[in-house]
Structure formats: C-alpha cells, structure tokens
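Rule-based calculations on the coordinates, nothing more; no lab input. Bear in mind the structure is a predicted one, so any value in this text is a computation, not a measurement. Here the Cβ positions follow ideal geometry from the backbone for every residue, glycine too, while neighbour counts run over all protein chains shown.
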Amino acid sequence: MIVAQVIFWICVAAILYSYLFYPLFVKLLSSILVSKNPLVFKENDSHLPQVHILIAVYNEEKVLARKIASSVTSTYPNHKVHVHFGSDGSTDGSNAMLEAATAQYPNVFYTLFPAKTGKIGMVNSMYATIPDIEPNDILILTDANVFFEPNTIYQLVKRFADPKMGLVGGSIINEGKKQDGIFKQEKSYIFIENQIKYWEGNVFGHIMGSVRRLLCS
C-alpha cells in the first residue's frame, strides 16, 4: 500500500513539474537573465547583416504568392534580403510563379530540382550555392505556408546584436478562422509552447529558426 502511494505521488509530482513548476521556473530565470543582459542593437543600415531566406517548395501554388510578397515586403532594408526558393519537382503552377518572381524581384532566386530531393537536401544545396556569403550573414529557414509580418525579419535579426547569439526562433501564430472543435485549446497550447521556447532560449541557449552563417561552415 505504501509503495503504491509513493508511486502515485511521484507521478503527481512529475505531472505538476512538467505542466506547472518547470514553466514557472524557466519564466523566472529568463526574466532575471534578460534584466541583467538587456539587448543593445544598432538600427543603422550599415550595421545590419545580409539576410538569406531559404524556402523549400513542393506544389505550393495556393500560398506561394503570399509567401513571396511577405518575404520581399519588409521593414528590413530590401537590398540586404536575398530570398532563395527551391522547387522539389513541383507539378502544379509553383515553378511558373517562381520564374515570374525572379523576373520581378532582383533579390529573389529560384532553383529547380527535377528529382525528389527532400527539404533538407534542397536547403543544403541552396546554401552551398549562395555567392559571397559572409560568416555573420543570417540564414532564415522557413516553409512556404509560413508568412512574415512586415517586421518579422528585423525582429529575428536584431537578436544577433549579441555576438554570442547563434540561433533565434520565431513565434508562429495560427491564422485559422475556425472556432469549433479544439481550435481554442490548440491556439492556447501553441501560445504557451512558444512562450516556453522563448524562456528556454534565454536560459539554456537552445532554439532553432534563424541561424548565424558561421555555424553552418
């Protein structure tokens, strides 16, 4: 009987730690660390690094126009943003849309992969062909169905004002209008998960999203 009670309370403690005590712990520690190391960032154009956005595409014609627009329309200096698309043998209208985008925007580049290569293979290949890339250039890895707000690129890049910063992750918000089912619960879960990731990044230094190029060498 005593053994069963001990096991029961250990299970209860583990659940409380995972869902209550751990989030409170990383939130508190994150607040302390951020207050001791406030972010200092120079907004002058000459101090901003070059940004390379790498996007793997497969049959994304329904979202591609918006993705292109959100990538080239930004508060970040346009001449410092380079958007690299790779099409993994798309069979819809994606290739035609990308060709049109490269003709319209001088900072948009497009590579066709005729055989199935996979997302990681395409990203690695696109990265390897970027000319004149510098160690402190910023790489943003993103999907075709994830759209940037006008200030997204700037908000990601400004964190690299800290020379010790290697990786920065963005916060993804579900735009779905559906209100039935578990929509509200899912939205709350995503919000809490993003907050915990932010706190963990401040405390432990582990997150994924944008990356300083020198880490890829």
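Highest mean packing comes first when the peptides 81-88, 111-118 are listed by Cβ atoms within 10 Å, giving 81-88, 111-118.
Working from label points 7 Å from Cα in the Cα-to-Cβ sense, the MET1 to ILE32 distance is 4.3 nm. Label reach from THR129 (point 7 Å along Cα→C-beta): in segment 81-98, amide nitrogens under 18 Å belong to 82-91, 94-98. In segment 45-216, the DSSP beta bridges split such that about 20 percent are antiparallel, to the nearest 5. Averaged over residues, the count of other Cβ atoms within 10 Å places the peptides 149-160, 48-59 in the sequence 48-59, 149-160, highest first.
In terms of packing, defined here as the mean over residues of other Cβ atoms within 10 angstrom, the peptides 7-19, 129-141 line up highest first as 129-141, 7-19. Extending 7 Å from the Cα toward the beta-carbon at both VAL63 and TYR189 defines two label points whose distance is 1.8 nm.
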